[in-house]
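The values are calculated or read from the model by the stated rules, or taken from the named source; none is laboratory data. Not measured: the values here are computed from a predicted model. Cβ atoms come from the backbone with ideal geometry, glycine included; neighbour counts cover every protein chain shown. Heavy atoms of the whole protein, side chains included, go into the accessibility calculation; ligands, DNA and RNA do not. Shrake-Rupley method; radii C 1.70, N 1.55, O 1.52, S 1.80 Å.
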Amino acid sequence: MERRSFLKKAGVAAAAGAVTFGKAPAVLAAKKYKWKMVTTWPPHFPVLGEGADYLAQWIEEMSDGRIKIHVYGGGELVPPLGVFDAVSQGTVEMGHGAAYYWAGKMPASQFFAAVPFGFNAQQMNAWLYGGGGWDLWKELYADFGVVPFPAGNTGVQMGGWFNKEIKSLDDYKGLKMRIPGLGGKVVAKAGGNAVLVAGGEIYTNLDRGVIDATEWVGPYHDLKMGFYKAAKYYYYPGWHEPGTVLECIVSKKAWDSLPKDLQAVIETACWRSNLWMLSEFDAKNNDSLRELVDKHGVQLRKFPDDVLRGLHKLANEVVADLAASDPASKKVYASYQAFREKIDPWTDISERTYMEALRL
Ligand code: CA
């Protein structure tokens, strides 16, 4: 009796569900969305721009054509660094870039891209998805009417290209290096001269000696940029960008106009993009590194331990200064540090011990 009663009730519930699902969404299901996505990358730029292209393609496929997105490279519709404003003002529905580009507007955004000596890609994902980081990111962007999604990661970058060897922290004194963001502040604290140079001009500046060093991304990208023709030494690891997150941003107004299933499509496509980019870099970097070393005679160097120790100390000061600079940064930093106290010991027990075990 009880079972039959339950089944009966379930049947009614199911029928009620069918009615509910059958009506309102039928109108929404027919609605088509034509969106624009502006990006900070040159059009179809390897991995990063390609990732934005794929993201649009996946969203169209998963929504069965209900959302169509036209992707614009940086400068095609708005300047690369105008992406956030365009989404915030609702000029376009979507953007793709990295949170640290908006540091001038909200310094705390840098925690959602890269922190020198901060989280690597795996730790970053753990903090964002599992440790409350993404919620803080959403909160930060909410004031601007923008909804952020993690949508890519470079993995640990390379330390950069130098035209002289770095043997001690003193070698940074007077060094003119293209290195943006918090990493640049660390280099400046070490006595260097951190400069900003647009991507397209780095090679010429390095070749002509306008700058002594530059960082970019990793072997796959750096090979394509041709830096090996202008600088001899290629240093690792990229302490300044240990797992840089790329972001997809959506205008809050456009986001709220979507039915729940299409919101889920966009969110899921961003998760896919996050994994795709990291896998793409990891799959390609070593082949490019071998080509740089074996074919082009690049001198591969690890930063000496003393240099890394010194830079780490300076980086902690830079990040603490940032946290003290505004209330939003203070709040995000507190979450970042609290998570670090949990994730670092676990990474030691799991990933690090395992990698060391491979070498015994
Ligand atoms: Ca970089």
Completion exercise
Once all protein chains are kept in place, Thr353 shows an accessible area at probe 1.4 Å, nearest 10 Å², of 70 Å²
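Only four residue types carry charge here, +1 at the Cβ of Lys and Arg and -1 at the Cβ of Asp and Glu. Report the dipole size of the chain about the Cα centre in Debye, rounded to the nearest 20.
Details: 41 positive and 40 negative charges, 158 e Å.
In debye, rounded to 20, the chain gives about 760.
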Handout entry: Residue-normalised accessible area of the chain, expressed per residue, 1.4 Å probe, Å²
Key = 48 Å²
Practice task
With a 1.4 Å probe and every protein chain left in place, tell me how much accessible area Lys229 has, in Å² to the nearest 10.
Solution key: 130 Å²
Problem - Inter-label distance for Ala142 and Asn316, nm, one decimal - labels placed 7 Å from Cα along Cα-to-Cβ - result: 3.3 nm
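Please list, by residue number, every one of the GluC sites (Glu not before Pro) in the stretch 163-252 that is coil in DSSP and has at most 14 other beta-carbon atoms within 10 Å.
Details: sites: Glu165, Glu201, Glu215, Glu247; in loops: Glu165, Glu215.
Those satisfying the criteria are Glu165.
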Practice task
Report the label-to-label distance for Thr268 and Lys68 in nanometres (one decimal), using points 7 Å from each Cα along the Cα→Cβ vector.
Solution key: 2.2 nm
Exercise for the section: Using a 1.4 Å probe and counting only protein heavy atoms, arrange Leu258, Leu169 so the residue with the most accessible area comes first. Expected result: Leu169, Leu258
Problem - Rounded FRET efficiency, nearest 0.05, which uses the C-beta distance separating Lys164 from Lys295 and R0 of 25 Å - result: 0.65
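If I stretch the segment between Trp346 and Lys302 completely, what's the gain in nm (0.36 nm per residue apart, minus their alpha carbon distance), one decimal?
Full extension of this stretch gives 13.3 nm more.
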Handout entry: Share of carbon and sulfur in the accessible heavy-atom surface of the chain [1.4 Å probe, %]
Key = 56 percent
Completion exercise
A correct Karplus calculation of ³J(HN,Hα) over the stretch 334-350, with 6.51 cos²θ - 1.76 cosθ + 1.60, θ = phi - 60°, whole Hz and x for Gly and Pro, returns 4, 5, 4, 5, 5, 5, 4, 5, 9, 7, 4, x, 5, 4, 4, 5, 9
Problem - Dipole axis of the chain (+1 Lys, Arg; -1 Asp, Glu on Cβ), positive-most option in Ile67, Ala30, Ala194 - result: Ala30
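Please list Ile59, Ile69 from largest to smallest accessible area, probe radius 1.4 Å, with all protein chains kept in place. Please list the in-between numbers first.
Numbers: Ile59 0, Ile69 20 Å².
Largest accessible area first, the list is Ile69, Ile59.
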Exercise for the section: State the Cα centre-to-centre distance between the stretch 275-310 and the stretch 139-165 in whole Å. Expected result: 18 Å
Handout entry: Protein-only accessible surface order, largest first, of Asp222, Asp207, Asp53 at 1.4 Å
Key = Asp207, Asp53, Asp222
Completion exercise
If every Lys and Arg gets +1 and every Asp and Glu gets -1 at its Cβ, then about the Cα centre the stretch 105-201 yields a dipole, in debye to the nearest 20, of 320 debye
Problem - Check: the stretch 27-157 dipole with +1 on Lys, Arg Cβ and -1 on Asp, Glu Cβ, in debye - result: 220 debye
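So what is the calculated 222 nm ellipticity per residue for the chain, using -39500 (n - 2.57) for each DSSP H run with n of 4 or more, over all residues, to the nearest 500 deg cm²/dmol?
Counting only the DSSP helices, I get -14500 deg cm²/dmol.
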Exercise for the section: At 1.4 Å probe size, with no ligands or nucleic acids counted, give the accessible surface of Glu356 in Å², nearest ten. Expected result: 100 Å²
Fill in the blank from the handout: In whole Hz, the Karplus estimates of ³J(HN,Hα) for the stretch 133-138 (6.51, -1.76, 1.60; θ = phi - 60°; x where Gly or Pro) are x, 4, 4, 5, 5, 4
Exercise for the section: Starting from the Cα-Cα distance between Asn286 and Lys173, subtract it from 0.36 nm times their residue separation and give me the gain in nm to one decimal. Expected result: 37.6 nm
Handout entry: In the stretch 109-174, the trypsin sites (Lys or Arg not before Pro) that fall in loop regions by DSSP, at most 13 other Cβ within 10 Å
Key = Lys164, Lys167, Lys173
Practice task
Take every Cα pair under 8 Å in the chain that's 6+ residues apart, average their separations, divide by the length, and report that relative contact order as a whole percent.
Solution key: 22 percent
Fill in the blank from the handout: Any residue on another chain or 5+ positions along whose placed amide H is under 5 Å from the amide H of Lys36 is listed here as His70, Glu93, Met94
Handout entry: Nonlocal amide H pairs with Glu247, under 5 Å, H built at 1.01 Å
Key = Gly97, Ala98, Ala99, Ala151
Exercise for the section: Report the full-extension gain for the segment Asp135 to Thr353: residue separation times 0.36 nm, less the Cα-Cα distance, to one decimal in nm. Expected result: 75.4 nm
